[in-house]
Structures are given as structure tokens and as C-alpha cells.
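Report on the following structure.
What follows is calculated from the coordinates using simple rules that are stated; it is not laboratory data. In this text, all values refer to a predicted model and were calculated from it rather than measured experimentally. As a convention, Cβ positions derive from the backbone with ideal geometry for all residues, glycine included, and neighbour counts pool all protein chains shown.
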Amino acid sequence: MNKLFHSQIPFISTEPLRISINRNEAQESYHEVDLAVCDASGDIKLGMGDYEKDIFPRSAMKPLQTIALIEANKHVNKFHQLSEEEIALICASHNGEQSHTNLVTSLLKRFDLNIDSLICGAHWSLEQETFIEQIKTIRKPNKTHNNCSGKHAGMLILAKLLCTSTEKYADIKHEVQIKILNKLQAMTGSDLLSNVVAVDGCGAPAYRAPLINWAKAYAIFAGGGNLPDITREACLQIRDSIANQSYFIAGKNRACTDINKEYGKKITVKVGAEGVYCAAFHELKYGLTLKTRDGNRRGAEVALCAVLQALGYRISKTVSRYAMRDIYNWSGKKVGNITLENLRL
């Protein structure tokens, strides 16, 4: 980190961050991004667009959802303690690579659970190289290939730790979901049941709240505010697991893996569907949530890197592939670029 703040910080604008996709210097399309970086009290440090807008953060909440499991697991004997790889996988939206599916399978087996208990469904990998490899080597995907299979394994384990039934574990009235909901409400300061409650792609509940409240939750996760000791320790364990085992949070060719590996215990980053990213800045005790208005991940990744730069973090060669970049055609000729319209870095 070169400096604590960029010279523009604090910076607040009612305009969303605009990201322009240009071909021969002419705009071809653009993404608009609502974003907020705040501290644990909700004080905005960097805000653009409508950061009071209600959003579904989707999978970006997995690290926060995992807090309930880590707290429950602290009361279990040493044999059942979760490894860093397992915790990162439970927080993951993974590629379904063999290392991911093998770990889900072994995790379920260790807690005397089986694949049939997962309700997340099966799908091919969403990452191109992994998808091609799967097509070559397996007839069809199973539930462990689902990018959320780690989260669902964690929910089943939580049911076992709570000595409750694993049946219908994703039902909003199940004790597992009540424990998770209580943690999310405490972290966001929101009555999530008073807002729209939906179902995620994996079958688990999907909660909706103002974008800034999700950012505040990540600031608390980063160490801001006052947490009970057991919750603070759980947050640190999740942070360390993702930092030390970043491959299991996503996989190859993924921003979550590369960014978490690059910054380690300084920053925790997690993607969500429909153009969402959340991050915890542990040095600053700040949280970030951003969402592209068109739901595009490319725009979300560029916006995420822009926030990193605005906060003074150096963008390495590995991470720069997700930042503003040149556009090339299939023969390797540069034909355009991606630029920020209204945030100077």
C-alpha cells in the first residue's frame, strides 16, 4: 500500500461510477456502478451513485454467513475442527475443479453426511477452462460441482452441530437459517425479514437490504465496531482461511482467488451474482459493496480495482487483468480499451 488514502478520499458523488468500453476511441457500451466504502458506523469514505439502493448481494455474503458455523464449531472436539481449506471452500463460489469437488466430498464424509443431502442442484463449471475439462472427463456434473456446494455443506454441518434435522436445511424457518439470519441482521443493522426475501440460485434464502448496510457489515467483519469475542475470532479465522487458501474461494482464472492471494490478510474480497463485489479492508477497518446496474461482472471487476486504487493499494500485474485494460481481437491486435469516465486515479 503506497499511501493510506488517495487524494480524492473522502469522495461522494450522486453519479454512479461510469465505465466505458471503447472501440477505436469511440464508446461502444458502458456500465454504471453504485458503490460504497464505509466504516463500521456507516460513515461514507467513498460513495458513488445510489448507495442506499436495496440489493441482493447473493454469494458475496458467504463469508458473513459462515460466521454462525465457525462459532458453533468452536464447541466441538478437535477432530471436527475445520481446516483453512474447508473454511475457504464453505465461503466459496468455486469453479467445480476436481480439488474443489474432492474437498466437498471429504468434508461431507467427515461429518457423516452425503452428497444426496445437498439441495443446491448440479451444474457445469461457469469457468471456461474448467467447463471444457469437465466435458472431456465426466458424463454430467453432480451436486459437488455446484459453485455453492461448499456453502451447502457448511449449512448441513451447522445443522449437525446444532443437533437438529438436516432435512429442509435451506428453509427460512429452519434453525440453520435462523442462526445465519441473526448474524446477517446483527452485522448489517437491518431487519432483513421486513424487506423482500427471495430464493438464491442454489436454493438458499436471498436477503435484500441497502447497499451501504452490506458495506457496513463488511466493515464490522474487518474489525470495526465492537463484536463479542467469539464473533471477532470467527471473523479472523475466516479472513485467515481465505487469505491462506485463496484457491478454494474460487479457483483458476478468478478475481476472488487472485485478489485474495495478492493482498492476503489486508483485504478479503468476495463476488456475488449479478455484478456484486464486497470487500473488507482489514488495515482500514472499512467495508465495500458495489453493484453494476446491468449486472455485468466485467464492470464489477473494473470497479473493484478502481476502489483498490482509490484507497491507495498497488495493482499488481496479476490483479491488473481485472482492472482497466486494453481490448484485443482474436488475432491479438489491440482494438479498444476500458476506461473510467468519472473517477480520476
What number do you get for the chain when its Cα radius of gyration is normalised by 2.2 N^0.38 Å, N = residues?
0.97
Lone cysteines, the chain (no partner Cβ under 4.7 Å)
CYS38, CYS91, CYS163, CYS235, CYS256, CYS278, CYS305
If each DSSP helix of 4+ residues adds -39,500 (n - 2.57) and the sum is divided by the residues in the chain, what number results at 222 nm, nearest 500 deg cm²/dmol?
-11000 deg cm²/dmol
Amide H to amide H, which residues 5 or more places from ILE267 or on other chains are under 5 Å from it, using H placed in the peptide plane?
HIS282
Selection from LEU158, SER125, PHE221 lying farthest towards where the dipole of the chain points positive, charges on Cβ
SER125
For the chain, take the longest principal axis of its alpha carbons; what is the angle in degrees between that and the long axis of helix 229-244, to the nearest 10 within 0 to 90?
60
Here D for the range 230-294, in µm²/s, from Stokes-Einstein with a Kirkwood Rh over Cα pairs at 10 °C and 1.306 mPa s, works out to 130
Ranked by GNM mean-square fluctuation in the chain (Cα springs under 10 Å), the top entry among GLU262, GLU86, GLU129 is GLU129
Phi-based couplings in Hz for the range 81-91 (Karplus 6.51, -1.76, 1.60; Gly and Pro marked x)
5, 7, 7, 4, 4, 5, 5, 4, 5, 5, 8
What spacing in nm lies between the two simple spin-label points modelled at SER165 and GLU28, each 7 Å away from Cα in the Cβ direction?
5.4
Euclidean distance between Cα centres, the range 235-249 to the range 15-59, Å:
26
Entries of LYS136/LYS265; LYS173/LYS252; LYS266/LYS334; LYS45/LYS291 with Cα pairs more than 28 Å apart
LYS136/LYS265; LYS173/LYS252; LYS266/LYS334
Counting Lys and Arg as +1 and Asp and Glu as -1, what is the net charge of the other residues whose Cβ lies under 14 Å from the Cβ of ARG239?
+3
Estimated distance in nm for a label pair at ARG139 and TRP124, the labels positioned 7 Å out from Cα along Cα-to-Cβ
1.7
Going residue by residue through the range 325-336, the Karplus relation 6.51 cos²θ - 1.76 cosθ + 1.60 with θ = phi - 60° gives ³J(HN,Hα) values, rounded to whole Hz and with x marking Gly or Pro, of 8, 7, 10, 10, 8, 5, 8, x, 8, 5, 10, x
As a percent rounded to 5, the proportion of antiparallel DSSP bridges among beta bridges in the chain is 95
How big is the charge dipole of the chain about its Cα centre, in debye rounded to the nearest 20, if each Lys and Arg gets +1 on its Cβ and each Asp and Glu gets -1 on its Cβ?
620
Taking springs between alpha-carbon atoms closer than 10 angstrom, which of LYS270, LYS160, LYS317 fluctuates most in the Gaussian network model of the chain?
LYS317
May I ask for the net charge around LEU158, where only other residues with Cβ less than 12 Å from the Cβ of LEU158 are counted and Lys, Arg are +1 while Asp, Glu are -1?
+2
Between ILE55 and residues 5 or more places away or on another chain, which pairs have amide H atoms under 5 Å apart, with H built 1.01 Å from N, and which residues are they?
ALA209, LEU211
I want the local charge near ILE267. Using Cβ-Cβ distances under 10 Å, sum +1 for each Lys or Arg and -1 for each Asp or Glu among the other residues.
+1
